[in-house]
Amino acid sequence: MPQPDQTRLILRRPDDWHLHLRDGAMLRGVLPDSARDFGRALVMPNLTPPVTTGPEAAAYRDRILAALPPGSRFQPLMTLYLTEATTPDQVAQAQASGAAHAVKLYPAGATTNSHAGVRDIETVRPVLERMAEIGMPLCIHGEVTDPDVDIFDREAVFLDRVVKPLHRRIPDLRIVLEHVTTQDAVDFVRDSPRHVAATITVHHLVINRNAMLAGGIRPHFYCNPVAKREKHRLALVEAAISGDRRFFLGTDSAPHTDEAKLSPCGCAGIYTAPVALPVLAEVFEAAGRLNRLEAFVSLNGAQVHGVPPAEDRITLVRGEPWSPPARIMTEAGPVTVFDPGFPLHWHVERPS
Ligand SMILES: NC(=O)N[C@@H](CC(=O)O)C(=O)O
Ligand SMILES: [Zn+2]
Ligand SMILES: [Zn+2]
């Protein structure tokens, strides 16, 4: 157990296993916030148009590397956006050439830029079978798009309708349920004998749906999947601090300009990159589990994704409360930073 007065925490450099970096002006604006603290990130492919092939993923990786601050050793790991036209050879070649690490399944219409995603999982079955053979992970945005299903039930229904049958049919497929938000998803991962894991975001460990809807509508807390009831948030915290190796950090840091967020039909996504690690330190400290933070942010994800943990380390320091910026300015416009609603005592020590 950590000492109650612990003020320094040395961790292997964390990885972010679910990150939106966008492209162009937005990429240039947000990339430094992730590259500062994280060693690697699994970069989401939901650009317009989406990143669907190995050559496109390699070109996107080159644009990210070109936008990095000088001297940064941040390593983007790329994903392919699965469409109903994706072929087994395409994903196998993308893996063999090192262009893509994983494939991302978006049910068509489930979230930002997902219209090119999958309508019927049967159509992509040959691709998924090949991925099982070659050990390529499938990262899943797990929500049904059926308009008859209540938005707060869409993750749990997706598990029953899609993920459980898929896991039964292709048990060797390595599945990562992205940004889980429910007790149901936590239970499913815990009860799965193998090859099923889940990322958890920073914001879903902190907010429940009241943050978004009680006392006024707060678009900066709106994301997909939407935050659920408090009992679900508690289940996520329990999973994150449990030390169970199947749960790990994917921030889903998802920048949109304030203009795009603050609209009659605002975009889903919360920008957490600049505060991710300090907020997590607060969450783990409040639970008396600072000793499990490294597993959640630096070890479990690397193991699930089959890469070695980072060699270098970062230091988190506990000190006087500090206030993160309310927003960052990018060439694409201002982007509001996630406000956890409590003071931050922890910060990442920077080389002086
Ligand atoms: N999480 C979100 O609310 N938004 C993400 C898409 C996603 O991860 O579903 C985005 O790209 O903006
Ligand atoms: Zn998603
Ligand atoms: Zn995402």
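No lab work stands behind these numbers, since they all come straight from the coordinates. Just so you know, these numbers come straight off a predicted model, no measurement behind them. All Cβ positions, glycine included, derive from the backbone under ideal geometry; neighbour counts span all protein chains shown.
Tell me, what is the FRET efficiency for SER72 and GLN93 to the nearest 0.05, using R0 = 30 angstrom and their Cβ-Cβ distance as r? Please report the intermediate quantities before stating the final value.
Values: r = 29 Å, r/R0 = 0.96.
Result of the calculation: an efficiency of 0.55.
Got a sec? Which residues in the stretch 228-271 would a label at ILE217 touch, if it sits 7 Å along Cα→Cβ and we count backbone N under 20 Å?
Counting only backbone N, you get 228-229, 256-271.
Express the C-alpha Rg of the chain as a ratio against the empirical globular expectation 2.2 N^0.38 Å, rounded to two decimals.
0.93
Equivalent-ellipsoid semi-axes (√(5λ), Cα gyration tensor) for the stretch 1-67, whole Å, largest first?
On the way: eigenvalues 198, 31, 19 Å².
For the stretch 1-67, the semi-axes come out at 31, 12, 10 Å.
Would you calculate, for the chain, the mean residue ellipticity at 222 nm contributed by helices, counting each DSSP H stretch of 4 or more residues as -39,500 (n - 2.57) and dividing by all residues, to the nearest 500?
It comes out at -8500 deg cm²/dmol, rounded to the nearest 500.
Considering only C-alpha atoms, what is the centroid distance from the stretch 150-193 to the stretch 233-305, in Å?
Each part's Cα centre sits 19 Å from the other's.
List residues of the stretch 323-341, by number, whose backbone nitrogen lies under 17 Å from a label position 7 Å along Cα→C-beta of ALA25.
Once the point is set 7 Å along Cα→Cβ of ALA25, 328-336 turn out to lie under 17 Å by backbone N, inside the stretch 323-341.
Of the listed peptides 137-144, 167-174, what is their order by residue-averaged count of other C-beta atoms within 10 Å, with the highest listed first?
Details: 137-144: 24.9, 167-174: 15.6.
Put in order of decreasing packing, that is 137-144, 167-174.
For the stretch 226-297, which trypsin sites (Lys or Arg not before Pro) are both in a DSSP coil and crowded by at most 16 other Cβ atoms within 10 Å?
In loop regions of the stretch 226-297 (DSSP not H, G, I, E or B), the sparsely surrounded trypsin sites (Lys or Arg not before Pro) are ARG229, ARG245.
To the nearest 0.05, how large is the calculated FRET efficiency for ARG229 and ALA108 if R₀ is 25 Å and r is the Cβ-Cβ distance?
Calculated transfer efficiency: 0.35.
How many lysine pairs are close in the chain, with Cα atoms under 24 Å apart and the two 8 or more places apart or on different chains?
Details: LYS104/LYS164; LYS104/LYS228; LYS164/LYS228; LYS164/LYS231; LYS228/LYS261.
Close lysine pairs under the 24 Å cut-off: 5.
Rounded to whole Å and ordered largest first, report the semi-axes of the equivalent ellipsoid of the stretch 46-188 derived from its Cα gyration tensor (root of 5λ). Provide the component values of the computation, followed by the final result.
Details: eigenvalues 140, 64, 42 Å².
Semi-axes from the Cα gyration tensor: 26, 18, 15 Å.
Label-point separation (nm) for GLU238 and VAL317, each offset 7 Å from Cα along Cα-to-Cβ?
3.7 nm
Between the stretch 43-62 and the stretch 111-136, what's the alpha-carbon centroid distance in Å?
Here the answer is 16 Å between Cα centres.
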